[in-house]
Amino acid sequence: MGVMIAAIRPGHWDLPLFLHVAGAMLLVGALVVVVATMAAAMRNGEGVEVLTRLAFRTLLIGVLPAYVLMRVGAEWILSEEGVPDDLSWIGIGYGVADGGLLLAIIATVLAWRVARRGAARPGGAGRAVFVLAALLVLAYGVAIWAMATKPA
Amino acid sequence: MSLYDWLLFLHLIAAFLLVAGLVAYAVVVYGGGEAVVSRALVPAASALWNAGGLGVIVFGVWLALEVDGYELWDAWIIAAIVLWFVGSGAGGQLGAAMRQGTPVRAIDASRRLVAVMALATLLLLLDMIFKPWA
């Protein structure tokens, strides 16, 4: 049996929802680039300087602006409709977003240090950037699940 | 979780994979095309774009069949399918050239292909959210 549209929403949500989803997609995409570049830097030991600089720039001009777009869109939707923020799926979203911002800032600072050092190997800080970015991708996967399924 | 929840979740995850592949391709093509960057990102970009594209169309069509209020011949769904073919065509050309090991700078119109992929993906997202003519 088919289901009736469960995603009916007021039309004035469309623009903030677009900003929220576009920001989240760019955020995850930029994080995936960071994961792939740092993984290559650790694996090959080739072009480490180029790859760590790319990871730093991606965090700075990709991840952080996309985060702002995602978060502004989310707050805009909430302000439009006054959705109670004690719902568990909203709590998951806030938790991932707030914790994720902290981890993204730490990763950006670490990537800046690795890129500035210009060493032949990414070292512990480079590995930490990789782990933080990978953790963020997983966390945003959980947030996507919560946003899509809206558990009670 | 209902079937609708699963389909929407998988459709969304696929869309995120698609955009991640697009971002990785864009970094390779617009970032100067250094060989070390291509080697690091092209395999991931290709896998994400292809898996995401397949998931988006499969779970999107399944959703359209599952939800009573949607029909495959709705104008916004037809528009989405057309945009998917446009983006996939451009992505297929770019991915094939890159998998052959052609340097990014040597691929004719690589920037134009990524621009087409990005525009098609942006219009797809707008179409999914605003659902024109629905």
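Computed from the coordinates by the stated procedures, all read-outs in this text should not be read as laboratory data. All of these numbers come straight from a predicted model, not from anything done at the bench. Quick reminder, even Gly has a Cβ in these numbers, built from the backbone with ideal geometry, and neighbours come from all protein chains shown.
I'd like the per residue volume of the convex hull spanned by the Cα atoms of the range A:2-138, given in cubic angstrom.
Roughly 118 Å³ of hull volume per residue.
Counting Lys and Arg as +1 and Asp and Glu as -1, each charge on the Cβ, what is the dipole of the range A:30-145 about the Cα centre in debye, to the nearest 20? Write down the numbers at each step before the final one.
On the way: 9 positive and 8 negative charges, 197 e Å.
That gives the range A:30-145 a dipole magnitude of about 940 debye.
Over what distance in Å are the Cα centres of the range A:16-87 and the range B:16-40 separated?
Centre-to-centre distance over Cα atoms comes out at 15 Å.
Where the Cα atoms of the protein assembly as shown are projected onto their three principal axes, how long is each span, largest first, in whole Å?
Here the Cα extents, ordered largest to smallest, are 58, 44, 28 Å.
Mind listing the phi-derived Karplus ³J(HN,Hα) values for the range A:33-45, rounded to whole Hz, using 6.51, -1.76 and 1.60 with θ = phi - 60°, and x for any glycine or proline?
Coupling constants for the range A:33-45: 4, 4, 4, 5, 5, 5, 4, 5, 5, 6, 6, 8, x Hz.
Taking the beta-carbon count within 10 Å as an exposure proxy, list A:M25, B:M1 from fewest neighbours to most.
Going from sparsest to densest Cβ surroundings: B:M1, A:M25.
Using only Cα atoms, figure out Rg for chain B and give it as a multiple of 2.2 N^0.38 Å.
1.12
What is the dipole size for the protein assembly as shown, taken about its Cα centre, with +1 at each Lys and Arg Cβ and -1 at each Asp and Glu Cβ, in debye to the nearest 20?
1540 debye
With a 10 Å cut-off between alpha carbons and a GNM built on chain B, which of B:L54, B:L65, B:L123 moves the most?
B:L65
Rounded to the nearest 500, what is the 222 nm mean residue ellipticity of chain A from helices alone, with -39500 (n - 2.57) per DSSP H run of 4+ residues and division by all residues?
Mean residue ellipticity at 222 nm (helix-derived): -27000 deg cm²/dmol.
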